[in-house]
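Undergrad: Once you've had a glance at the structure underneath, I'll fire off some questions.
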Amino acid sequence: MSENAANNNNSIMEKNQAICKEAIVSELQKKKVHLFYCLECEELARNIASESDHITLQSINWRSFADGFPNLFINNAHEIRGQHVAFLASFSSPAVIFEQISVIYLLPRLFVASFTLVLPFFPTGSFERMEEEGDERFYFADQVLPLFETGIPLLTKRLQQLPETEKIIVAFPDDGAWKRFHKLLDQYPTVVCTKVREGDKRIVRLKEGNPAGCHVVIVDDLVQSGGTLIECQKVLAAHGAAKVSAYVTHGVFPKSSWERFTHKNNGSEEAFAYFWITDSCPQTVKSIGNKAPFEVLSLAGSIAGALQI
Ligand SMILES: O=P(O)(O)OC[C@H]1O[C@H](OP(=O)(O)OP(=O)(O)O)[C@H](O)[C@@H]1O
C-alpha cells in the first residue's frame with residue numbers, strides 16, 4: 001500500500017471513529033423520561049414508549065372511593081425523584097379531566113427534575129387551532145412552556161406512498177383551514193372553499209382552484225358532526241373530482257358521528273376513498289378500529305421526539 005493510500009485510510013478511520021463517538025455521546029445525552037398515562041391513553045402510551053429506549057412507562061392505580069370520587073395512587077413515587085417525568089393526558093370529557101387534575105398537580109411535586117404534560121387534543125389549544133408559531137397563547141401560566149406540534153407531516157408522508165399516477169390536490173373546506181395549513185402543504189396544488197354555518201347546516205362553496213380529474217384530499221383541524229367534510233365532498237364531486245379523501249388531525253366524532261363515513265359494502269358509491277385521522281382522540285380510535293375508509297396515523301413518534309426537547 002502506498003504512503004498516500006495508507007494516510008487516506010487512516011483519515012477515513014479517524015472520521016468514522018469521530019462519527020461513532022458523536023453518535024454515542026448524543027445517545028448518552030438523551031433524556032430518560034418516565035411516562036405516566038391516563039387509562040384512555042394506554043395504547044398510545046405503549047406506542048410512544050416503543051419508539052424510544054429512553055422512555056419508561058410508569059403506572060397509576062386509577063381507583064375510586066365508594067362515592068365515586070377518585071382515589072388514585074402513583075406507583076414508584078420514590079423512583080422518579082430527580083427524574084424527568086411526563087404525563088399523557090386525555091381531556092375527552094369533564095369527568096376524566098377531573099380525575100387527572102390531581103395527578104397533574106401531584107407529579108411535579110414529587111421532587112422531579114422536570115414535568116411535561118402531553119395533551120394530544122385540547123379543543124381550543126392545539127397547534128391546529130392557531131395559524132403560526134408566535135400567535136398569542138392563552139391558558140398557560142408563566143412557568144409553563146407550551147410546545148405545539150402538528151400532525152401534517154404524518155399526512156404528507158402518507159400521501160407520498162399513494163400511486164404516483166394519482167394527481168393529488170389539497171382542499172381546504174373553509175378559510176380557517178386554509179390559514180392554518182396552507183404553508184405546511186405548499187407542495188400541493190390547492191382548492192379553497194368557503195363555509196357558512198346555518199344552525200346545524202354547513203353551506204360550502206368552491207372559492208378557488210379546480211378539482212377536476214384529481215384525487216382531492218380535504219384537510220382540516222378536526223371533525224365533529226362531519227357536516228363540513230360531507231358538504232365539502234359534495235362540492236368537490238360536483239366539480240369533477242375523480243376521488244375525494246379526508247385528513248383531520250383530531251377525530252372528535254361526538255355521538256359516534258364517524259358512522260356517517262364508514263363504507264357500507266352494499267355496492268353504493270363511497271364518498272371518501274381514505275379518511276385519515278391521528279390517535280389524538282383515543283376513544284375514537286377504539287371505536288373505529290380498522291373500518292374502511294379510516295386509517296390512523298400515529299402521533300407516537302412525534303410525541304417521543306418532543307419528549308426529548
Ligand atoms: O364536523 P363539523 O361539525 O362540521 O365541525 C368541524 C368544523 O368545525 C370547525 O370549524 P368552524 O366552523 O368552527 O370554523 P373555524 O375553522 O373558523 O374554526 C373545524 O375547523 C371544522 O371545520
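The values are calculated or read from the model by the stated rules, or taken from the named source; none is laboratory data. All figures in this text were calculated on a predicted structure; none of them were measured in a lab. Cβ placement follows ideal geometry from the backbone for every residue including glycine, while neighbour counts extend to all protein chains displayed.
Undergrad: Only one of (1) farther than 16 Å from V118 by Cβ; (2) at pLDDT 95 or above is not met by Q17, so which one is it?
TA: (2)
Undergrad: Turning to a different aspect of this structure: Against the definition (farther than 29 Å from L307 by Cβ and among the aliphatic types (A, V, I, L, M)), how does V192 come out, yes or no? Outline the logic, then answer.
TA: Numbers: farther than 29 Å from L307 by Cβ: yes; among the aliphatic types (A, V, I, L, M): yes.
Answer is yes for this residue.
Undergrad: Next question, about the same structure. Please go through the range 192-216 and pick out each residue that is more than 15 Å from the ligand (Cβ to nearest atom) and either part of a strand (DSSP E or B) or more than 20 Å from E164 (Cα to Cα) (or both). Please lay out each step first, then the result.
TA: Pass one, the range 192-216, residues more than 15 Å from the ligand (Cβ to nearest atom): 206, 208-216.
If the condition is that a residue be more than 15 Å from the ligand (Cβ to nearest atom) and either part of a strand (DSSP E or B) or more than 20 Å from E164 (Cα to Cα) (or both), then L206, E208, G209, H215, V216 are the ones that fit.
Undergrad: Among the residues of the range 231-246, how many are within 12 Å of the ligand (Cβ to nearest atom) and either under 22 Å from the mean Cα position of the chain (by Cα) or not in a helix (DSSP H, G or I) (or both)?
TA: Total meeting the criteria: 1.
Undergrad: Given the criteria away from the ligand (no atom under 16 Å from the Cβ) and not in a strand (DSSP E or B), does L155 qualify? Explain how you work it out, then say what you get.
TA: Working: away from the ligand (no atom under 16 Å from the Cβ): no; not in a strand (DSSP E or B): yes.
When the stated conditions are applied, L155 does not pass them.
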